[in-house]
Amino acid sequence: MVIRDSAAEVLASCSQILDVNLSTKMAKLVAIHKCLQFCVDCGLVPCTFETDNASLVKWITEKDKWNSDGGTILYDISNLNSTLKRMTFCHVQKRHNKAAIELAKYAWGISEDVYWMEDFPGCIRKDIEADMPS
């Protein structure tokens with residue numbers, strides 16, 4: 001996950017190991033949930049969550065998938081969102097989500113969870129800089 005402020009400055013980033021076999025969509029849903037929990041714990045609200053999977057945004061904003069495989073996670077996301085009422089979820093094209101994609105690839109090569117506060121690993125520097133406003 002990459003957490004930025006409204007000026008696109010990085011507040012935190014993280015690579016975590018999940019020792020489970022998940023589909024890409026479910027892995028992204030779990031990542032959104034973990035990022036949401038981190039933002040709530042750190043008081044980083046209001047916040048906007050971006051994903052390159054449009055159907056996940058639909059799953060989160062509509063309640064028709066609560067009986068699916070990710071239903072428990074969706075329910076928890078909805079509860080946190082309704083409590084705070086200051087979170088939005090939106091779809092972005094993959095080309096605008098490169099930092100998160102590269103960070104996920106980076107996680108394949110680590111042996112423990114890694115957190116960066118006001119920083120990020122060098123492997124995503126070009127993607128972070130490309131997303132900065134001109």
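The values are calculated or read from the model by the stated rules, or taken from the named source; none is laboratory data. Just so it is clear, the structure is predicted and the values come from calculations on it, not from any experiment. Because the Cβ atoms are built from the backbone with ideal geometry, glycine has one as well, and the counts that use them run over all protein chains shown.
Miscellaneous remarks
- Pairs with Cβ under 6 Å, 6+ apart, first in the stretch 110-129 and touching a residue at least 12 places away in the same chain (Cβ under 8 Å), second of a type in the set (Gly, Ala, Ser): ILE110/SER15; VAL114/SER15; TRP116/SER13; MET117/ALA12; PHE120/SER13; ILE124/ALA99; ASP127/ALA99; ILE128/ALA99
- Sub-6 Å Cβ pairs linking a first residue in the stretch 38-66 that is farther than 16 Å from MET26 by Cβ and at pLDDT 85 or above to a second residue that is of a type in the set (A, V, I, L, M, F, W, C) and assigned to a loop (DSSP other than H, G, I, E, B), at least 6 apart or interchain, are GLU50/VAL92, ordered by first then second residue.
- Against the conditions (1) modelled with pLDDT of 90 or more; (2) exposed (fewer than 12 other Cβ atoms within 10 Å of the Cβ), HIS91 satisfies every one except (2).
- Against the numbered list (1) touching a helix residue (DSSP H, G or I) at 6+ places or on another chain (Cβ under 9 Å); (2) exposed (fewer than 12 other Cβ atoms within 10 Å of the Cβ); (3) not β-branched (Val, Ile, Thr); (4) not in a strand (DSSP E or B), MET132 comes up short only at (1).
Residue-by-condition table, conditions (1) touching a Gly at 6+ places or on another chain (Cβ under 7 Å); (2) modelled with pLDDT of 90 or more; (3) within 20 Å of CYS39 (Cα to Cα):
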residue	(1), (2), (3)
ILE73	no, yes, yes
ASN79	no, no, yes
ALA104	no, no, yes
GLU112	no, yes, no
TRP116	no, yes, yes
PRO121	no, yes, yes
LYS126	no, yes, no
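- Of all residues in the stretch 13-25, those that are within 19 Å of LYS58 (Cβ to Cβ) have Cβ atoms under 7 Å from Cβ atoms of residues that are in a loop (DSSP other than H, G, I, E, B), 6 or more apart or on another chain, in LYS25/ASN53.
- Residue in the stretch 81-98 that is within 19 Å of GLN16 (Cβ to Cβ) and among the aliphatic types (A, V, I, L, M) present: no
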